[in-house]
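Here's the structure we're looking at; comments come further down.
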Amino acid sequence: MPSRLRAISVLTALTVGLTLSPGPASAASTRTPKAPASLVAATPAAPTPDAARLQAALDELTAAGAPAALAEVRVGDTVWSGASGVRDLRTGQAARAGDRYRVASVTKAMTATVALQLADEGRLTLDDPVARHLPGVLPYRETITLRQLLNHTSGIPDYFDELYPTGSDAELEKNRFRHHTPRELIDAATRKPLGPIGTFAYSNTNYLLIGLVVESVTGRPLGRELRDRIFRPAGMKDTSYPDRSPVLTGPHVHGYRQGGSGRLVDTTVYTPSVWGAAAGVVSTSGDINRFFRALSDGTLLSSARLGEMRTMNEVGYGLGVMGGGDLCPTAPGDLVWGNMGNGFGYRSQSWSSPDGRRQVTFGWTVTVPGVVGPPKVEAAVREFLVAALGATCAPTPVR
């Protein structure tokens, strides 16, 4: 893929995180595959990990090089939460499980949910042309639909390729405190030719456009819609959508980027408009679990619309969510559902069983230019994910 710096690359992240095998995708390839055998077969049934094992697996993440790691694992009403490492390398203050962090592209699931709610209300349809809601915003003659934005088959280039063509430290610093409007970023992306419509190509520009559609349909800022339609109904009391302020408020962990020299650079403070509707939410592991649980239990979407959201293409992407192989599916073919985030200094993953009863959400605080992090950290991420999903298989939930 052309960019060396992305919020998240689905093709890479799915193979690293849940061992889904990517393949060619098209607008018509909306199947719901069975859980891939690669993860399940590689992890035979074993005694349920206990809380000590979960904490040890989380500690491996910080031992591998992440300054902090935060997690919540939930089975029914039983919740385990843990933290490892420090909030700030400068002060050495210990991280806590409820600390906030930038969740990056997990935001896309929330933005998509608002669009799907508006579809449920009859205020738009997913097959509406973008031009119906945003006339003149796209320079292309071809018809592009809202659905194609949501599932990344629009062909619209990613604005990140324009802002960060090499992913260097200098590019990061240059853009750190610049405020970008969504239109500015969309205009930067669409100066490049349109790619093939109907072919999967991950682009943050798609979700900036969805954010503008939400604002056009509702007449209100996206941040208010997220607050009133997502955060409050789901009980996400520690979640926010900052637009201008570069500073995180409340208890939070600092994010760090491993630069070209190998040293860790604090990237906590930067203007969040560069992410916007694609990746701008700040939250906690507990609140992200609340969001995906509220998706599953009907609080946020009708069952029919949720099914549409979870219908995946051949690379495992639906409408703002991904699917991956489960260690203990309730029924054959069940997948875990969620999303993954990769921002400046912050990474995250969140996975839930279809009924929302079993959940794993965790975040860690080191990134490198590109998508895949330091190899030791990535290995520790996989080990924690297997341990955490395995813990949700317990006849008696972990305590």
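The values are calculated or read from the model by the stated rules, or taken from the named source; none is laboratory data. Computed from a prediction, not measured in an experiment: that's the story for all the values here. Reconstructed Cβ throughout: ideal geometry from the backbone, glycine too, with neighbour counts over all protein chains shown. Heads up: the accessible areas ignore ligands, DNA and RNA and are worked out on the full protein's heavy atoms, side chains in. Shrake-Rupley method; radii C 1.70, N 1.55, O 1.52, S 1.80 Å.
Descriptive notes on the structure:
- Cα gyration tensor, the stretch 232-281 - rounded (a/c under 1.5), prolate or oblate: prolate
- Rel. contact order, % - alpha carbon contacts under 8 angstrom, at least six apart, the stretch 225-366: 23 percent
- Loop sites in the stretch 138-193: GluC sites (Glu not before Pro), DSSP, at most 16 other Cβ within 10 Å: GLU142
- One Cα centroid belongs to the stretch 55-99, the other to the stretch 304-366; the line between them spans 20 Å.
- Global geometry of the stretch 130-229, whether rounded, prolate or oblate, following the gyration tensor of its Cα atoms and the 1.5 cut on a/c: oblate
- From its DSSP helices (H runs of at least four residues, each -39,500 (n - 2.57)), the chain gives a residue-normalised ellipticity at 222 nm of -9000 deg cm²/dmol.
- For the chain, relative contact order (Cα pairs under 8 Å, six or more residues apart, normalised by length) works out to 31 percent.
- THR271 - accessible surface, heavy atoms, 1.4 Å probe, Å² rounded to 10: 10 Å²
- Shape category assigned to the stretch 103-150 from the gyration tensor of Cα positions, a/c cut at 1.5: oblate
- Å² of accessible area per residue within the chain, as computed with a 1.4 Å probe and no ligands counted: 37 Å²
- Shown for the chain: the carbon plus sulfur share of the solvent-accessible area, taken with all protein chains present and a 1.4 angstrom probe, equals 53%.
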